[in-house]
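Q: Structure provided below as structure tokens; questions to follow.
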Amino acid sequence: MPQLNIVNPLEVPDWDAQVLEFPEATVFHSAAWARVLVESYGFKPHYCVKYDGEKITAILPLMQVRDLLGRKKAVCLPFSDFCAPLHSAPADFDEVFALAQDTARSNGWRSITIRGDCPFPEGTPTSTSYYRHTLRLNTDLDSLFNGFRDTTRRNIRKATQHGVAVEFATTLDAVREFCRLNCLTRKRHGLPPQPTRFFEKLHDLVISQGHGQVALGRKDNTVVSASVFLEFGTTAFFKYGASDDRHGDGYANYAIMWEAIRRYARQGCTEFCFGRTEPQHQGLLQFKTGWGARQETVNSFALSTRTGAFCQSELATDGLHNRIFMRMPMPMLEFVGGVLYRFTG
């Protein structure tokens, strides 16, 4: 008999096994990612789930987030590159989305945001659109390499010529080394860094449990670039990257990505996801398309629960706030990040 329930994935022992039954499942649907969000930021999980007997046929994963004024909203899911609802059929999604709307009314949510495509009626307004890049992996590494753009292959070779060495680690020290570079990178872009406690939770709950790795790119015995990769099922995800622009040739980034692709192909992964990219980030788009990855448009949807209408919004662009953050001393910028990210998502 079909049932609809609000579920906390942290209380479901076989959650990940059930999630992996859906081909579209990502690491962001996993219990570990939910626990990272809960323990880092205090978000409250309200996963709308449809069961057919013991089998899950639809999941709309939501976290309750409060803004700086204490107003509540639901996000699917905070800080996820994309987290589309999982469903066996569009009718199953319709039921969990109706449950989400009922839950919104009972919990006083102002909106429901879904980061990923949904089987809404044609013409439903999107909130934002961005790109996802995915590379199909195989063990023929020469074939993969030859599928890259000429400039990508050239930069990989230059990384070797410049003496860049890449190591993979799962230690907390490696995560902290990434955090050091991440602070420099975020300040360079005029953005506060994510709080260190978030990355420490990511280490404790994901990376140290065998579901992620940190890649460190060294040049002259100095770590000049670092990336965080996550793993779920047979897919590897590039989640975070950071570098020190004082070593500005950028070749270490190419070395890290190539070594990660080789590593995950040998490990048996079938897909390598480069994550989400906003359309205005042309440099990052150029970098990702150079690896022969398939580019797809992914849409987000935002429903105002007060009006019942889907809202359109503009992607964040450069502004005065970026220039202010660029000029902040690093300790103050880290403090701002530690405060602000609890109220965003």
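Q: For the range 17-34, what are the residues that are over 19 Å from residue 89 (Cα atoms) and touching a residue at least 40 places away in the same chain (Cβ under 8 Å)?
A: Passing the criteria: 27, 28, 30, 32, 33, 34.
Q: A further question follows. Which residue is surrounded by the fewest Cβ atoms within 10 Å (Cβ to Cβ), if the candidates are limited to the range 43-60 and must be in a loop (DSSP other than H, G, I, E, B) and modelled with pLDDT of 95 or more?
A: That would be 46.
Q: Ok, one more. Residues being hydrophobic (A, V, I, L, M, F, W, C) and part of a loop (DSSP other than H, G, I, E, B): count how many of those fall in the range 3-42.
A: Summing the residues that are hydrophobic (A, V, I, L, M, F, W, C) and part of a loop (DSSP other than H, G, I, E, B) in the range 3-42 gives 4.
Q: Considering only residues that are in a loop (DSSP other than H, G, I, E, B) and crowded, with 22+ Cβ neighbours inside 10 Å, look in the range 61-77 and name the one that is nearest to the chain's Cα centre (by Cα).
A: Restricting to residues being in a loop (DSSP other than H, G, I, E, B) and crowded, with 22+ Cβ neighbours inside 10 Å, the top hit is 77.
Q: Starting from residues that are in contact with a helix residue (DSSP H, G or I) (Cβ under 8 Å, 6 or more places away or on another chain) and outside any helix (DSSP H, G or I), keep the ones in the range 141-164 and report whichever is farthest from residue 203 (Cα to Cα).
A: Filtering first and then ranking leaves 149.
Q: Right, residue 198: crowded, with 17+ Cβ neighbours inside 10 Å, more than 22 Å from residue 27 (Cβ to Cβ) and modelled with pLDDT of 95 or more or not?
A: When the stated conditions are applied, residue 198 does not pass them.
Q: Another question, then. Which residues, taken from the range 168-195, are at pLDDT below 95 and farther than 24 Å from residue 42 by Cα?
A: 184, 185, 187, 188, 189, 190 - these are the residues of the range 168-195 that are at pLDDT below 95 and farther than 24 Å from residue 42 by Cα.
Q: In this structure, does residue 287 turn out to be crowded, with 22+ Cβ neighbours inside 10 Å, under 20 Å from residue 152 (Cα atoms) and in contact with a Phe, Trp or Tyr (Cβ under 7 Å, 6 or more places away or on another chain)? Give the steps one after another, and end with the answer.
A: Numbers: crowded, with 22+ Cβ neighbours inside 10 Å: yes; under 20 Å from residue 152 (Cα atoms): yes; in contact with a Phe, Trp or Tyr (Cβ under 7 Å, 6 or more places away or on another chain): no.
It is false that residue 287 is crowded, with 22+ Cβ neighbours inside 10 Å, under 20 Å from residue 152 (Cα atoms) and in contact with a Phe, Trp or Tyr (Cβ under 7 Å, 6 or more places away or on another chain).
Q: A further question follows. Check residue 112 against each of (1) assigned to a helix (DSSP H, G or I); (2) at pLDDT 95 or above and name the one condition it does not meet.
A: Unmet for residue 112, out of (1) assigned to a helix (DSSP H, G or I); (2) at pLDDT 95 or above: (1).
Q: Pick out, from the range 249-345, the helices (runs of 4 or more DSSP H) lying fully within it that include 2 or more residues that are closer than 23 Å to residue 82 by Cα and among the aliphatic types (A, V, I, L, M).
A: Fully inside the range 249-345 and qualifying: 251-267, 282-289.
Q: Take residue 275 and tell me if it is outside the structural domain of residue 28 (by TED's automatic domain parsing) and farther than 28 Å from residue 62 by Cβ.
A: No; evaluated as a whole, the condition is false for this residue.
Q: List pairs: first residue in the range 1-14 and without any contact (Cβ under 8 Å) to a residue 60 or more places away in the chain, second residue part of a loop (DSSP other than H, G, I, E, B) and of a type in the set (Ser, Thr, Tyr) anywhere in the structure, Cβ distance under 9 angstrom, at least six positions apart or on different chains.
A: As it stands, the answer is 9/30, since those pairs meet every condition given.
The values are calculated or read from the model by the stated rules, or taken from the named source; none is laboratory data. In this text the structure is predicted, and so the values were computed from the model without any measurement. Here Cβ is always computed from backbone atoms with ideal geometry, including for glycine, and neighbour counts include all displayed protein chains.
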